[in-house]
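The values are calculated or read from the model by the stated rules, or taken from the named source; none is laboratory data. The structure displayed is predicted, hence computed values, not measured ones. Cβ coordinates were reconstructed from backbone atoms using ideal geometry, including for glycine residues, and neighbour counts include every protein chain displayed. Protein only, heavy atoms only, side chains kept; ligands, DNA and RNA dropped before computing areas. Shrake-Rupley method; radii C 1.70, N 1.55, O 1.52, S 1.80 Å.
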Amino acid sequence: MGIKEWLIPQDKVFFELFEQLAGTVVEAADKLEQMISKKADPATIYKEIKGLEHKGDSITHQIYEHLNRTFITPLDPLEISRLASALDDVLDYIDDSAEKLLIYGVKEYDKTMEEFARIIKLSAVQLEIAVKEIRSFKNNSALESCSIEVNRLENMADDLLSHSIQKLFAMDDPMTTIKLKDIYECMEIATDKCEDVVNVLSDISIRHS
């Protein structure tokens, strides 16, 4: 055991918690995709998503607890805080999107929702891959590749939102337009939050490479 490991007995705890949090994001994104494809009862799946959101809150709380107790951390404390917050934000917007689908009483989930859910799921998978890279920073090219892909997906979500809203305002049902616009915008924000995560990871990579 080197002197660093002797001085920082909880060195790996932060990385393990980040990986757990990123994995929870993937689970929630997968559930949202299932909810919209109606592979199971939407209300039941929403409860599962809410449970994952609570799990994410608990992991985030653990990260902050360890941060308050650890004198020397493997990353700058601000970096740890920013990354935890960014990952938690993704979970929050996945949860919010699922909640809006229920409270607005949406009966038929359209192709736009399906595409947003697919983009969110693909982005979440990239986040999980990228988060695992910060243990060593030995493969910055992998992290950069994840960042590029998440940025690409976020641009797709931007275009999808623009085209979808344009179609919504051509409808003759104002109430439906308002509901769907709110749902689409919430799902698009989830992709923005994914991009925020890779931006934080890129900053960390630059600082430590």
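Summary of values
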{"quantity": "Selection within the range 174-209 - among the small types (Gly, Ala, Ser) and within 17 Å of residue 93 (Cβ to Cβ)", "calculated": "190"}
{"quantity": "Members of the range 181-194 found to be closer than 26 Å to residue 132 by Cβ and either in contact (Cβ under 8 Å) with a residue 60 or more places away in the chain or not in a helix (DSSP H, G or I) (or both), listed by number", "calculated": "187, 189, 190, 191, 193, 194"}
{"quantity": "Residue that is farthest from residue 124 (Cα to Cα) [pool: residues in the range 68-95 that are in a helix (DSSP H, G or I), among the hydrophobic types (A, V, I, L, M, F, W, C) and open to solvent by less than 30 Å² (accessible area, probe 1.4 Å)]", "calculated": "80"}
{"quantity": "Residue within the range 200-207 that is hydroxyl-bearing (Ser, Thr, Tyr) and part of a helix (DSSP H, G or I) present", "calculated": "yes"}
{"quantity": "Matching residues, the range 102-120, being assigned to a helix (DSSP H, G or I) and either open to solvent by 40 Å² or more (accessible area, probe 1.4 Å) or modelled with pLDDT under 95 (or both)", "calculated": "102, 103, 111, 114, 115, 118"}
{"quantity": "Members of the range 168-209 that are loosely packed, with under 12 Cβ neighbours inside 10 Å and of a type in the set (D, E, K, R)", "calculated": "172, 173, 207"}
{"quantity": "Residue satisfying condition, being open to solvent by less than 10 Å² (accessible area, probe 1.4 Å), under 17 Å from residue 190 (Cβ atoms) and out of contact with any Cys (no Cβ under 8 Å at 6 or more places or on another chain), within set 63, 59, 36", "calculated": "36"}
{"quantity": "Selection count where residues are loosely packed, with under 14 Cβ neighbours inside 10 Å and either touching a helix residue (DSSP H, G or I) at 6+ places or on another chain (Cβ under 7 Å) or modelled with pLDDT of 90 or more (or both), scope the range 138-151", "calculated": "3"}
{"quantity": "Only listed residue being closer than 21 Å to residue 32 by Cβ, free of Cβ contacts under 8 Å to residues at least 24 places away in the same chain and in a helix (DSSP H, G or I), chosen from 178, 165", "calculated": "165"}
{"quantity": "Per-region count, the range 13-56, residues without any contact (Cβ under 8 Å) to a residue 12 or more places away in the chain, in a loop (DSSP other than H, G, I, E, B) and of a type in the set (Lys, Arg)", "calculated": "1"}
